[in-house]
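Scroll down for the structure; my scribbles are underneath it.
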């Protein structure tokens, strides 16, 4: 299971790469869109997270035509997808419990 | 503005800069391009976010280097993927366990030998103050501590030279592609 803390920025990066391989700028745009502009990652934060994800084998580099122009793409690995799925399941359970607790009336 | 970003990227540890520097600069250039039509306020906040992000990132990466984490994950080859464990091979715990067992066995053996010997009729007299001077003892302890520190530093230096230092010389994927 995860040996890497899944913070909200990391979760958004993983979700962005779950769809298809993306390069740095595209990840920044996608994470901002996904969070309705609430999360705006800086380049320093993005690459800090990407380097940890690479170290942990959750993502790898994806060679494209743009790679030679300084636009390196990244894609989710099988391990990364597994961990992301586990995190999504955890969040689903949490959201379910949260919904029940909020709906419960005080007696 | 790109000059400022470039100088901030120079604050990162060299291996990290070598691996991600060009990519980060390309992203920053794209961000600058995309916000050139934006309002001055939005552009200011974007730049403030990027500058603080780069400063925080540089600090984090240096902290990781000091803490013993690899400065960057160079994914060129199997050799390049070596981590901090390289400096302390997996055989180290086994070797330490063997040494510990040997020390425990030596202590037990010494105890059994001393128990088998007949009690001495002439007890060892206690040490008198005239047997040693405070200054001499202090100097001896200081010399011993300094020697231990030098030996320790040499060992750490040798380990770093053998592993991590060489890793930083491995060209990154981007660098090797460009060359």
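Among B:55, B:146, which is the only one that is modelled with pLDDT of 65 or more and more than 30 Å from residue B:16 (Cβ to Cβ)? Write out each step before concluding.
Details: B:55 fails: more than 30 Å from residue B:16 (Cβ to Cβ).
Among B:55, B:146, only B:146 is modelled with pLDDT of 65 or more and more than 30 Å from residue B:16 (Cβ to Cβ).
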### Query
Where residues in the stretch B:28-51 are in contact with a helix residue (DSSP H, G or I) (Cβ under 8 Å, 6 or more places away or on another chain) and in a helix (DSSP H, G or I), which of them is surrounded by the most Cβ atoms within 10 Å (Cβ to Cβ)?
B:28
### Summary
Note on the stretch A:19-38: residues within 17 Å of residue A:52 (Cβ to Cβ) and surrounded by fewer than 17 Cβ atoms within 10 Å (Cβ to Cβ) are none
### Query
Got at least one residue in the stretch A:15-32 being over 17 Å from residue B:21 (Cα atoms) and over 14 Å from the mean Cα position of the chain (by Cα)?
no
### Task
Identify, from the list A:13, A:6, the residue that is touching a residue at least 12 places away in the same chain (Cβ under 8 Å), more than 12 Å from chain B (Cβ to nearest Cβ), outside any helix (DSSP H, G or I) and in contact with a helix residue (DSSP H, G or I) (Cβ under 7 Å, 6 or more places away or on another chain).
A:6
### Query
Can you name the residue in the stretch A:72-107 that is surrounded by 10 or more Cβ atoms within 10 Å (Cβ to Cβ) and not in a helix (DSSP H, G or I) and is also modelled with the lowest pLDDT among such residues?
A:72
### Query
Do we have any residue at all in the stretch A:84-94 that's touching a strand residue (DSSP E or B) at 6+ places or on another chain (Cβ under 8 Å) and within 14 Å of another protein chain (Cβ to nearest Cβ)?
no
## Note on the structure
If we keep only residues of the stretch B:53-66 that are facing chain A (nearest Cβ under 7 Å) and without any contact (Cβ under 8 Å) to a residue 24 or more places away in the chain, then the residue surrounded by the most Cβ atoms within 10 Å (Cβ to Cβ) is B:53
### Members of the stretch B:6-27 found to be crowded, with 23+ Cβ neighbours inside 10 Å and not in a helix (DSSP H, G or I), listed by number
B:12
### Message
Out of B:89, B:70, I need the residue that is surrounded by fewer than 19 Cβ atoms within 10 Å (Cβ to Cβ) and at pLDDT below 90. Which one?
### Response
B:89
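The values are calculated or read from the model by the stated rules, or taken from the named source; none is laboratory data. Because the structure is a prediction, the values reported are computed rather than measured. We place every Cβ from the backbone using ideal geometry, glycine too, and count neighbours over all the protein chains shown.
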